[in-house]
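Working notes, beginning with the structure itself.
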Amino acid sequence: MATIIHSAERKFEESPNKIDNYRIFTDFSRIKKGIKPENLNFDLRQLNPDQYSAPYHFHRFAEELFMIISGSATLRTPDGLEIVKNGDLIFFEKGETGAHQLYNHTAESCVYLDIRTYLGYDVAEYPDSDKILLAPSFEIFNKDSQVTYFEGEMNIKDKWKRIENKN
């Protein structure tokens, strides 16, 4: 079934849990219409002047595509900074080479469509802060706390003995 979201139905609301410099607005009309994509997720975003879209990040399991609908912004990628403007399409591949962040350097709002694949899970990495985000739980960890596979798995026989003694 096709679901149409008419432009008159759009209402941008501040995305929850944002902090200063990252106050992005999202059109929640797709949610109000009951659209729940399985694999192709999308949002219409409004990035106001002097705001960043999100911390600089990349996805391990999702591709993203932005289409600038109106306005302009500065795009940060591993290649540096570039101005993007209405009509531009920007594709972000999986992995470090797809890292990205938008900043609205103008006095006008920048509206863009954010389309991304979603397989039911993802891992996002944040190179500036060495964090990892697990989706869909949205648990966040410091990357520098990485451990080996068998960390904490020593003395397994003692653990088994404690279990046997309980039974």
Exercise. In square angstrom, rounded to the nearest 10, how much accessible surface does Ser29 have for a 1.4 Å probe?
Worked result: 10 Å²
Exercise. Carbon-plus-sulfur fraction of the accessible area of the chain, 1.4 Å probe, in percent?
Worked result: 53 percent
For this session: Find how much the distance from Glu63 to Leu89 grows on full extension, using 0.36 nm per residue of separation minus their present alpha carbon separation; answer in nm with one decimal.
Result: 8.0 nm
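Solvent-accessible area per residue for segment 80-167 at a 1.4 Å probe radius, Å²?
Values: 6520 Å² over 88 residues.
Averaged over the residues of segment 80-167, the accessible area is 74 Å².
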Exercise. Size of the dipole of the chain about the Cα centre, Lys and Arg at +1 and Asp and Glu at -1 on the beta carbon, nothing else charged, in debye to 20?
Worked result: 720 debye
For this session: Give me the lysines in straight-line cross-link reach of Lys157: C-alpha distance below 18 Å, same-chain residues under 8 apart excluded.
Result: Lys166
Seminar exercise, completed: As straight-line cross-link partners of Lys36, the qualifying lysines (C-alpha separation under 20 Å, not fewer than 8 residues apart within one chain) are Lys11
Exercise. Got a sec to turn the phi values of segment 49-56 into Karplus ³J(HN,Hα) couplings, 6.51 cos²θ - 1.76 cosθ + 1.60 with θ = phi - 60°, whole Hz, x for Gly and Pro?
Worked result: x, 6, 10, 9, 5, 5, x, 4
Exercise. Taking the Cα atoms only, what angle lies between the long axis of helix 156-166 and the longest principal axis of the chain, rounded to 10 degrees?
Worked result: 80 degrees
Seminar exercise, completed: Between Asn39 and Val147, Cβ-based FRET efficiency (R0 30 Å, step 0.05) works out to 0.40
Exercise. When the chain is fully extended, how far beyond the present Cα-Cα distance does Arg23 get from Ala2, taking 0.36 nm per residue of separation?
Worked result: 4.4 nm
Exercise. Between Lys166 and Tyr121, what length comes free when the chain is fully extended (0.36 nm per residue of separation minus the Cα-Cα distance, one decimal in nm)?
Worked result: 12.5 nm
Seminar exercise, completed: Listed by chain and number, the aspartates and glutamates with an alpha carbon less than 17 angstrom from that of Lys18, same-chain partners under 8 positions apart left out, are Asp27, Asp43, Asp50, Glu139
Problem set entry | Two-site label geometry, His105 and Glu82: point separation in nm, points 7 Å out along Cα→Cβ | 1.4 nm
Exercise. Given (i) 28.6; (ii) 9.3; (iii) 14.3, which label gives mean projected area of the Cα convex hull in nm² as computed from the coordinates?
Worked result: (iii)
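The values are calculated or read from the model by the stated rules, or taken from the named source; none is laboratory data. The structure presented is a predicted model; accordingly, all values stated were derived computationally and were not measured. Ideal geometry is used to build each Cβ from the backbone, glycine not excepted, and the neighbour counts take in all protein chains shown. Each accessible area value is taken on the protein alone, full model and side chains, heavy atoms only, with ligands, DNA and RNA left out. Shrake-Rupley method; radii C 1.70, N 1.55, O 1.52, S 1.80 Å.
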